[in-house]
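Where a number appears in this text, it was derived from the coordinates with a stated rule and is not lab data. Since the structure is predicted, the reported quantities are computational estimates derived from the model, not experimental observations. Here the Cβ is made from the backbone with ideal geometry for all residues, glycine too, and neighbour counts use every protein chain on show.
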Amino acid sequence: MEKSIAHLFFFVVLLNSACGQGPDNEVHTPKSTVFSAELFVDQLQLPWGMAFLPDNSMLITEKAGRIIHVKDGKKTAIKGVPKVYLRGQGGLMDIALHPDYATNGWLYISYASSEGGGKGGNTAIMRARIVNNSLVDQKVLYKAVPNTTRGQHFGSRFAFDREGYLYFSIGERGDREVNPQDITRDGGKIYRLHDDGRIPADNPFVNKAGAKTAIFSYGHRNPQGLLTHPETGQIWDHEHGPRGGDEINIVKKGKNYGWPKITYGINYSGSAITDKTHMPGMEQPIHYWIPSIAPSGMAFVTTEKYPGWKGSLLVGSLVFQYLERLELKDGKVVYREKLMDGIGRVRDVRQGPDGLIYVAVEGKGIYRLNPDSQK
Amino acid sequence: MRAFLFTYLALAGLLSLYLIQDTPLKQSMKRGSGIYLDFCVSCHLEKGEGVENTYPPLANSDYLINNRKKSIIGVKYGQQGEIVVNGTRYDNTMLPMGLSDEEVADVMNYIMNSWGNKSNQMVTPEEVSNCLKR
């Protein structure tokens, strides 16, 4: 009897080690939740990005081209937002505050813009200030070229690192054979600038003839999650794969992330893009999703407000309509959990200055996760 | 005899020209398939199968065939709220894609004549421009 129990135990351990690891690991549904979701800002069409002002009020971008300031439950539309090229996945996208916003008032927006001639549009980055509910002192810091009528892959998330550099992503604009592997072209890149738009002198391709010198890394598909790791200070991104093969990457200077030469995904039709998942000189993701969750928005939990969550990564899922919590150990994903299942297309997730988690859901609004202990 | 042969060859030539040339519907569907791959495929998938309970199917879709005008309006202006497709309830948001009336007509012709769907009446840009938001 004892022996059979030991066998059973051994079998269970085997099962665990077979299923519990690896990028194709299962997403778990927690038995009990540690929060309740409250619809904190309602009636938004498509909230794309969020930023928290020092007074704990909030700026929300809506894809159709609105910036909304929410204070004490009251919504005010910011005037003077630049005209956006609204087509396919493009529109008004992310918003971020300068790390010293409290003293200089700078904020950054990314949007699809048809500026610069040629039919179509491409991703633009603008710095501006808000004075009397208007967007003033506007300066376009970067505008990707050429314009194209393709509807996909504008990228456009922001992150500031500890030294104050501004990072942003631009997707490959539906032209994977041309853009991501070519550093003389925009698209499929993570970029790095000074906060005023100047190109840092130590950017990796400043001395390469013909290169877009704002490029920091390349070979990306469509990164819609970007942040600075709270402990290591490294830049992390996640990006949409094709069918399967969404990735989390640690973004390093001058590195090639391989799209479309290597990928864990396949074409939407089911046909192969490449038979390679590895190649010399190309970086591996720290995690990939099969099937694709269509990740958008990304946040590290640094607060103790939610028991067991500190150090977790939160990622929105557009296609499966939930918020994913990922636990990491030694730089690998070891556990995945499904939260707010069926809530709608989760476009963005942030941790507010109050330590609470805010989740932007398309067609609904902004949810706040109220910890159960605070009930 | 010579005149007959000439007429015969001329007629046969004209007929083959007519048969080889794509009909306006085929041409529109061809353009529409390009629009579909650019704007629709990432959610509705390659064969219009959709994702159950999330993105409604377009293949063999009762909604599409029975709600021609609503479908055009949905593609043109975006779609929000509950619809029932092939007996399954969907409550999601599709944003306006920013397509021109001609592009909406082309992609509608493509999806309404693919994957088991068949429409006898071609969608024209004029019809799309007359479809106004509710």
> How would you classify chain A from its alpha-carbon gyration tensor, with a ≥ b ≥ c the square roots of the eigenvalues: rounded for a/c under 1.5, else prolate if a/b is greater than b/c, otherwise oblate?
Replying inline: oblate
> To the nearest 0.05, how large is the calculated FRET efficiency for residue B:132 and residue B:2 if R₀ is 60 Å and r is the Cβ-Cβ distance?
Replying inline: 0.50
> Shielding of A:89-98 by partners, i.e. mean partner chain Cβ atoms within 10 Å per residue?
Replying inline: 1
>> At a threshold of 8 angstrom on Cα-Cα distance, excluding pairs fewer than six apart, so keeping six or more, what relative contact order does chain B reach in percent?
In response: 26
>> Net charge within 13 Å of residue A:29 by Cβ-Cβ distance, Lys/Arg positive one each and Asp/Glu negative one each, not counting residue A:29 itself?
In response: 0
> Expressed in nm to one decimal, what extension gain is obtained for the pair residue A:39 and residue A:327 from 0.36 nm per residue of sequence separation less their Cα-Cα distance?
Replying inline: 101.1 nm
> For region A:78-292, what is one quarter of the convex hull surface built on the Cα atoms, given in nm²?
Replying inline: 12.4
> Using a simple spin-label model with points 7 Å from Cα along the Cα→Cβ vector, what separation in nm is obtained for residue A:76 and residue A:231?
Replying inline: 4.1
>> For a quick check, take a GNM of chain B with Cα springs below 10 Å and name the residue from B:58, B:11, B:95 with the largest mean-square fluctuation.
In response: B:11
> Classify region A:204-288: rounded, prolate or oblate, from the alpha-carbon gyration tensor (a ≥ b ≥ c, eigenvalue square roots; a/c under 1.5 rounded; otherwise prolate if a/b is larger than b/c)?
Replying inline: oblate
>> Once you place label points 7 Å from the Cα toward the Cβ at residue A:83 and residue A:55, how far apart are they in nm?
In response: 3.3
>> Over chain B, with a Gaussian network built from C-alpha contacts below 10 Å, which listed residue (B:15, B:45, B:64) shows the highest mean-square fluctuation?
In response: B:15
> Antiparallel as a % of all DSSP beta bridges within region A:58-100, to the nearest 5?
Replying inline: 100
>> Could you tell me which residue out of A:60, A:156, B:123 lies farthest along the dipole of the protein assembly as shown toward its positive end? Charges go on the beta carbon: Lys and Arg +1, Asp and Glu -1, centred on the Cα centre.
In response: B:123
>> For chain A, what does the helix formula give at 222 nm: sum of -39500 (n - 2.57) over DSSP H segments with n ≥ 4, over the residue count, nearest 500 deg cm²/dmol?
In response: -2000 deg cm²/dmol
> By its C-alpha gyration tensor, with a ≥ b ≥ c as the square roots of the eigenvalues, how is region A:92-164 shaped: rounded for a/c under 1.5, else prolate for a/b larger than b/c, else oblate?
Replying inline: prolate
> Which part of region A:190-212 falls in the paramagnetic zone of residue A:184, meaning amide N under 20 Å from the point 7 Å along Cα-to-beta-carbon?
Replying inline: A:190, A:204-212
>> Using Cβ counts within 10 Å as a stand-in for footprinting exposure, how do A:252, A:338, A:79, A:189 rank, fewest first?
In response: A:79, A:252, A:338, A:189
> Of B:45, B:77, B:110, which is farthest along the charge dipole of region B:23-132 in the positive direction, counting Lys and Arg as +1 and Asp and Glu as -1 at C-beta?
Replying inline: B:110
>> Please compute the contact order of region A:186-301 in relative form: average sequence separation of alpha-carbon pairs under 8 Å and at least six residues apart, divided by the residue count, as a percent.
In response: 24
> Which pairs in the list A:189/A:255; A:119/B:30; A:305/A:329 are over 18 Å apart, alpha-carbon to alpha-carbon?
Replying inline: A:119/B:30; A:305/A:329
> Taking neighbour Cβ counts within 10 Å as the exposure measure, how do B:131, B:43 sort from fewest upward?
Replying inline: B:43, B:131
>> Let me check I've understood the local charge: for residue A:302, count other residues with C-beta under 15 angstrom from its C-beta, Lys and Arg +1, Asp and Glu -1. What total comes out?
In response: +1
> Which of the helices in chain B meet the span-like rule: DSSP H, Cα axial reach of 20 Å or more, Kyte-Doolittle mean at least 1.6?
Replying inline: B:2-20
> What pairs from A:212/A:276; A:63/A:364; A:252/A:332 go past 19 Å between their alpha carbons?
Replying inline: A:212/A:276
> Of A:270, A:241, A:88, which is the most mobile in a GNM of chain A whose springs link Cα atoms less than 10 angstrom apart?
Replying inline: A:270
>> Using the Cα centre of the protein assembly as shown as origin and beta-carbon charges of +1 (Lys, Arg) and -1 (Asp, Glu), tell me which of A:268, A:245, A:207 is placed farthest towards the positive end of the dipole.
In response: A:207
>> Using 0.36 nm times the number of residues separating residue A:115 and residue A:268, minus their current alpha carbon distance, what extension gain do you get?
In response: 51.9 nm
>> At a threshold of 8 angstrom on Cα-Cα distance, excluding pairs fewer than six apart, so keeping six or more, what relative contact order does region A:78-292 reach in percent?
In response: 13
> From Cα coordinates alone, what are the radius of gyration and Dmax values for region B:23-132 in angstrom?
Replying inline: 12.6, 37
> Rounded to the nearest 500, what is chain B's calculated 222 nm mean residue ellipticity when only DSSP H runs of at least 4 contribute -39500 (n - 2.57) each, over all residues?
Replying inline: -15500 deg cm²/dmol
> What does the average come to when, for each residue of peptide B:38-47, you count the partner chain Cβ atoms lying within 10 Å of its Cβ?
Replying inline: 5
